[in-house]
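Below you'll find the structure, written out as structure tokens, and then a few comments.
The values are calculated or read from the model by the stated rules, or taken from the named source; none is laboratory data. Bear in mind the structure is a predicted one, so any value in this text is a computation, not a measurement. Because the Cβ atoms are built from the backbone with ideal geometry, glycine has one as well, and the counts that use them run over all protein chains shown. All accessible areas refer to the heavy atoms of the entire protein, side chains included, with ligands and DNA or RNA removed. Shrake-Rupley method; radii C 1.70, N 1.55, O 1.52, S 1.80 Å.
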Amino acid sequence: MNASRRSLLQALGVAAAGLSFGGLEGCKKEEAKESAAGSAPAGGASEEPKLNFYNWDTYIGKTTLEDFKKASGVEVHMDLFSTNDELFAKLKAGNPGYDVIVPSNEFVTQMAGAGMLMELDHSKIPNMKNLAPDFLDPGFDPGRKYSMPYTWLVLGIGYRKSKVESVPDSWKWVLDSDKYKGRIGLLSESADLIRLGAKYLGHSVVGVTPDIVTQVEAMLIKQKPNVKVFHEDNGQDLLLAGDIDLVIEYNGDIAQVMRDKEGTDIDFVVPREGSLINSDCLCIPTGAPRPNNAHAFINFILDANTGKGITETILYPTPNAAARDLMPESYKTNPVIFPSGEGFAKSEYGKFEGAEKQQLFEEAMTKIKAA
């Protein structure tokens, strides 16, 4: 999976250039109706006109949920989670009533293996045809048996340009230095933070051994007095507010605040040691009370115009080739949304390597936070 990052960019036609943003345009009503109708429940099976959606914050189009209701009559209730760990814990004891969830790639593998995801009926998702070919058969979910791609994303350092001496192009400045003491925000996601520490120490994000975890744990316990916050998926907001000056965060989240009139002093870099690439996905959890509505919603999300509206809002790289074709050049050539250079070239996808390894990451994170 690691080598595919280059082909992802080729499939999406990415080049590096200047930063600017186009305006939001909503989905056309008739196209939205057609999209929703394309995945209507087979045989006229009826479900109550509602859907429970469990999603990340700032991760949907401005009118997407309203557009789906207009097109299908189904009202969407959206709850938010801040880490994959939180999502997994919420559903581990049983689905409390969610119809669609948005786990990252390795959690798709983990949840599918644990029997926590339903198999998708591709006949109810005709808009799958809009996906770029490289996203149709990923190593973490061969044949897209359990998931449809929503975005792909890369971790880096968001920073306030006026508060740093130079571009913070190494993980050192957030993981292993007191240079910016009290002005640093780190992730709360255990696996991601531990593996970024491993990457900084010269290792792959895959195959992190217990000895490496111990090294990273010790480094981060030493670093903790220099860290202001372990953020819960709101690092971009803390940076924009001036609460911190450097933060480990995803490219799209930083691109969102750079669009703000107060965000002109903010930038993003993928450190030279390389980083972690993720792909967030749309899944139907086992026990979903309305699986037909769930299929219809996923199909609606994969519509070209719906995808365009989402992408214009969240500013993440989209795996939806049809939606990407509708986006302005300012998006396609945005170097924050589509990074390049040495750091990105060394970046890798993570991989679920068993519950024991995940537990090791979580235990290390607990010790770091408690130190």
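Which net charge results for the neighbourhood of LEU302, defined as the other residues with beta-carbon distances under 12 angstrom from its beta-carbon, given Lys and Arg at +1 and Asp and Glu at -1? Mind dumping the intermediate values first?
Details: positive: LYS124, LYS129, ARG144, LYS308; negative: ASP303.
Local charge sum for LEU302: +3.
Treating the Cα atoms of segment 140-254 as identical point scatterers in vacuum, please give the log10 of the normalised Debye intensity I(q)/I(0) at q = 0.19, 0.22 Å⁻¹, two decimals.
Values, matching the q order: -1.00, -1.25.
Of all the accessible heavy-atom surface of the chain, with the other protein chains kept in place and a 1.4 Å probe, what percent is carbon and sulfur?
Values: 7190 of 14240 Å².
So the carbon and sulfur contribution to the accessible surface is 50 percent.
Given a cut-off of 28 Å, what percent of all Cα-Cα pairs of segment 219-371 lie beyond it?
36
Would you kindly calculate the translational diffusion coefficient of segment 214-260, applying Stokes-Einstein with the Kirkwood radius from alpha carbon pairs, for 20 °C and a viscosity of 1.002 mPa s, and quote it in µm² s⁻¹ without decimals? Before the final figure, lay out the partial values.
Numbers: Rh = 11.8 Å.
It comes out at roughly 181 µm²/s.
If you filter segment 136-235 for GluC sites (Glu not before Pro), then keep DSSP loop positions with at most 13 other Cβ within 10 Å, what is left?
Answer by residue number: GLU165.
Report ³J(HN,Hα) in whole Hz for each residue of segment 240-257, in order, from the Karplus equation J = 6.51 cos²θ - 1.76 cosθ + 1.60 where θ = phi - 60°; Gly and Pro get x.
Those phi angles translate into 4, 6, x, 6, 9, 10, 9, 8, 7, 7, 7, 4, x, 5, 6, 4, 4, 7 Hz.
Checking the cross-link filter: which aspartates and glutamates have an alpha carbon closer than 13 Å to that of LYS70, excluding same-chain neighbours under 8 positions apart?
Straight-distance partners of LYS70: GLU30, GLU31, GLU34.
Counting only C-alpha contacts under 8 Å and six or more residues apart, can you give the relative contact order of the chain as a whole percent?
Worked out over the chain, it gives 32 percent.
Can you tell me what percent of all Cα-Cα pairs in segment 236-320 are more than 19 Å apart?
So the pairs more than 19 Å apart make up 55 percent of the total in segment 236-320.
Averaged over all directions, how much area does the convex hull of the C-alpha atoms of the chain cover when projected, in nm²?
If you wrap the Cα atoms of the chain in a convex hull and average its projections, you get 16.7 nm².
What number comes out for accessible area per residue over the chain if the probe is 1.4 Å? Units Å², please. Each step should come with its number before you reach the end.
Numbers: 14240 Å² over 371 residues.
Accessible surface, normalised per residue, equals 38 Å².
For ALA371, list long-range residues whose amide hydrogen, built 1.01 Å from N in the peptide plane, is under 5 Å from its own amide hydrogen.
Close amide H contacts, sequence-distant or interchain: none at all.
In 5 Å bins starting at 0, how do the alpha-carbon pair distances of segment 68-189 split up by percent?
2, 8, 15, 16, 14, 14, 11, 9, 8, 4, 1, 0
I need the semi-axes of the equivalent ellipsoid of segment 295-371: take the C-alpha gyration tensor, multiply each eigenvalue by 5, square-root it, list largest first in whole angstrom.
The answer is 34, 19, 12 Å, longest axis first.
Could you run the Karplus curve 6.51 cos²θ - 1.76 cosθ + 1.60 with θ = phi - 60° over segment 279-295 and give me ³J(HN,Hα) per residue in whole Hz, x for Gly and Pro?
For segment 279-295, the Karplus curve yields 10, 8, 10, 9, 9, 10, x, 4, x, 4, x, 9, x, 5, 4, 5, 4 Hz.
Under a straight-distance cross-link criterion of Cα-Cα below 23 Å, which lysines are reachable from LYS228, leaving out those fewer than 8 residues away in the same chain?
LYS161, LYS163, LYS172, LYS179, LYS181, LYS199, LYS367, LYS369
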